[in-house]
1. If N is the number of residues in segment 34-81, what value comes out of its Cα radius of gyration divided by 2.2 N^0.38 Å?
2. Tell me, 92, 40 in order of fewest to most beta-carbon neighbours within 10 Å?
3. So what are the chain's ellipsoid semi-axes, whole angstrom, largest first, if each one is the square root of 5 times an eigenvalue of the alpha-carbon gyration tensor?
4. Can you order the peptides 99-105, 117-123 by their average number of other Cβ atoms within 10 Å per residue, highest first?
5. If a paramagnetic tag sat 7 Å from the Cα of residue 169 along the Cα-Cβ line, which residues of segment 22-66 would have the backbone N under 19 Å from that point?
6. Distances longer than 17 Å among the Cα atoms of segment 98-169: what percent of all pairs is that?
7. What is the order of 125, 60, fewest Cβ neighbours within 10 Å to most?
8. List the lysines whose alpha-carbon lies under 30 Å from that of residue 88, not counting same-chain residues fewer than 8 positions away?
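The numbers here are math on the coordinates, done by the rules we state, and not lab data. As the structure is a computational prediction, the values presented were derived from the model and not from experiment. Virtual Cβ from ideal backbone geometry, glycine too; neighbours counted across all protein chains shown.
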Amino acid sequence: MFNTHRCLFLPAFLLALSAPALAQDTCSVKAVFAGKPVTMKHCAAAIYEVRDDYYSVTLWFSDTPFADTELETFHMNSYAVDKTADGKPRTMMHFAFCPATKSAATKSVETSVNLAGNFMASRQWVFDLPKDKDMLKIEKLTGSIAPGGNVSGRITGGKLSDGLKYSWEADFQFTLPAKAAAAGPGCGS
């Protein structure tokens with residue numbers, strides 16, 4: 001007797017082996033906030049269409065996982081919040097910027113940090129590049145910053161603020177959302 005399940009299994013198995021693996025968003029941030037070492041392994045990205053086919057990007061890193069509702073809201077408004085869905089403070093960091101193009105370099109990077117349990121350690125800065133290159137460096141940024149695009153990179157830097165040390169090494173790889181946010185950095189437009 002002929003077994004149709006076996007006949008279908010082999011082509012399905014071969015097709016599964018030949019299909020590309022779906023990329024998983026990954027990140028690793030080693031940082032010091034107000035002199036305290038922190039590690040963040042949860043991340044998300046949002047994009048905003050500044051003008052036709054030119055997008056800004058917001059990268060959000062956290063020490064705690066994101067709830068689905070948090071990610072939906074972030075993908076809609078590009079705003080990285082410093083509290084979890086249940087209202088608890090979270091250790092987090094975000095970078096928002098317009099990537100360099102063939103005719104223009106990245107000019108500014110908005111950055112915020114929050115240390116859970118220490119409101120006084122929270123900071124927000126806008127780094128003016130290339131003037132502030134000693135405090136923030138986009139060491140690597142590759143891929144396509146567009147809906148559904150893949151992007152990877154490394155951002156490093158640090159500074160003293162009110163006598164407290166802040167530093168970061170952020171490595172990341174994202175598949176960007178398929179739909180642009182309704183808000184985000186405007187890139188001087």
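1. Numbers: Rg = 12.9 Å, N = 48, 2.2 N^0.38 = 9.6 Å.
The value comes to 1.35.
2. With the sparsest Cβ surroundings first, the list reads 40, 92.
3. Semi-axes (√(5λ), whole Å): 35, 21, 16.
4. Order by mean packing, descending: 117-123, 99-105.
5. Flagged as within label range: 26-43, 61-63.
6. Tail fraction, whole percent: 51.
7. Numbers: 125 17, 60 25.
In increasing order of surrounding Cβ atoms, one gets 125, 60.
8. 30, 36, 41, 159, 165, 179
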